[in-house]
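Just below is one structure, and these are the notes that go with it.
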Amino acid sequence: MHLTLRQLEVFEAVARLRSYTRASESLHLSQPAVSMQIKQFEENIGLPLFEQVGKKIFLTEAGREIFAYTADIQQKLAEAEAVIKELKGVQSGKLAISVATTASHFTTRLLAAFAEQYNGITISLDITNRESLRRQLEHNEPDLVIMGQPPEGVDVESAIFMENSLVMIAPPMHPLVTAKNIPLKHFTEEHFVVREYGSGTRGAIQRFFDVHNVPFHTGIEMSSNEAIKQAVEANLGLGIVSIHTLELEMETRRLVMLDVEDFPIIRHWHIVQRTGKRLSPVALAFKQFVLDEAQKFIRISQ
Ligand code: PGA
């Protein structure tokens, strides 16, 4: 017999669900592809596996015999996969991640989902601002860093994994709430509630106003996005924050986004490591997880 694992997997699904259609749905295959796998399987063993009576399909004697083995084979394969993961060190080991304050909103959800898959690992998460992330990378401290833009002056490798829009926020009673495409010049006299010096968000806002040749005045300075949102809610000024910090406030309509000319400011989230750093299997798995899955952990987008 020259059976393939794929044939076995397809056979198991058809036999368990007693239906080619449902098997093809559960395996995300087309129905002809499922029929083809079964046909090849039957040719391999030289006996039919199913018989059709009316609209129903039944296992033949050979089908029943093989079906009795498939659960065992699949169980052994899952065990083998677990052993290989263990050997590669993904099931255990430590992961040191540092993220920009602004990224912490989705990173915690991301880490929780990752930890659920790899429940033997120990994670340390440091949430800090851009300037401090730059220093950490310089000293090669964390395995991986999630930040708005790779730092200058440090040798790093980085990959973009998601868009990050900065939006202007106001309390729901603000007079500009219903205005459309408000000219940027309208905010020349505005004093914005801003993040501390050294924050990536603040740097990006400053660059944006410079490029558009509009003066940007900073009012109260705060080191957390949460505090900025509360200050804007309390009418202490307008704010500009990443849309990824806003889920709750948008849902409950405690804050609104203003429709401002040339907004949102488009940035991108990067996953960053020191050039040449040899990532552990856990860190490599996490990096891949971020690249593949991060988008799923965002509940709000522009
Ligand atoms: P921060 O992060 O504003 O919280 O420092 C965003 C960034 O890295 O750009």
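Being surrounded by fewer than 18 Cβ atoms within 10 Å (Cβ to Cβ), in a helix (DSSP H, G or I) and among the polar types (S, T, N, Q) is the filter; apply it to region 104-138 and report the residue that is nearest to the ligand (Cβ to nearest atom). Here the answer is SER132. Number of residues in region 240-261 that are within 16 Å of ASN164 (Cβ to Cβ) and more than 21 Å from the chain's Cα centre (by Cα) equals 2.
Residue check: is HIS268 within 22 Å of ILE127 (Cα to Cα) and either in contact (Cβ under 8 Å) with a residue 60 or more places away in the chain or touching a strand residue (DSSP E or B) at 6+ places or on another chain (Cβ under 9 Å) (or both)?
On the way: within 22 Å of ILE127 (Cα to Cα): yes; either in contact (Cβ under 8 Å) with a residue 60 or more places away in the chain or touching a strand residue (DSSP E or B) at 6+ places or on another chain (Cβ under 9 Å) (or both): yes.
It is true that HIS268 is within 22 Å of ILE127 (Cα to Cα) and either in contact (Cβ under 8 Å) with a residue 60 or more places away in the chain or touching a strand residue (DSSP E or B) at 6+ places or on another chain (Cβ under 9 Å) (or both).
If you scan region 235-249, which residues turn out to be surrounded by fewer than 19 Cβ atoms within 10 Å (Cβ to Cβ) and more than 13 Å from PRO171 (Cβ to Cβ)? Within region 235-249, GLU247, LEU248 qualify.
Quick one: would you say GLY148 is within 16 Å of the ligand (Cβ to nearest atom) and without any contact (Cβ under 8 Å) to a residue 24 or more places away in the chain? The answer is no for GLY148. Note on region 1-28: residues that are in a helix (DSSP H, G or I) and under 14 Å from ARG64 (Cα atoms) amount to 8. If I go through region 6-29 residue by residue, how many of them are under 19 Å from ASP72 (Cα atoms) and under 31 Å from the mean Cα position of the chain (by Cα)? Final tally of qualifying residues: 4.
Which residues, taken from region 195-217, are among the charged types (D, E, K, R) and surrounded by 20 or more Cβ atoms within 10 Å (Cβ to Cβ)?
Of region 195-217, the ones among the charged types (D, E, K, R) are 195-196, 202, 207, 210.
Matches in region 195-217: ARG195, ARG202.
No lab work stands behind these numbers, since they all come straight from the coordinates. Note that this is a predicted model, so its numbers are computed, not measured. Cβ sites come from the backbone with ideal geometry, for glycine too, and all protein chains shown count toward neighbours.
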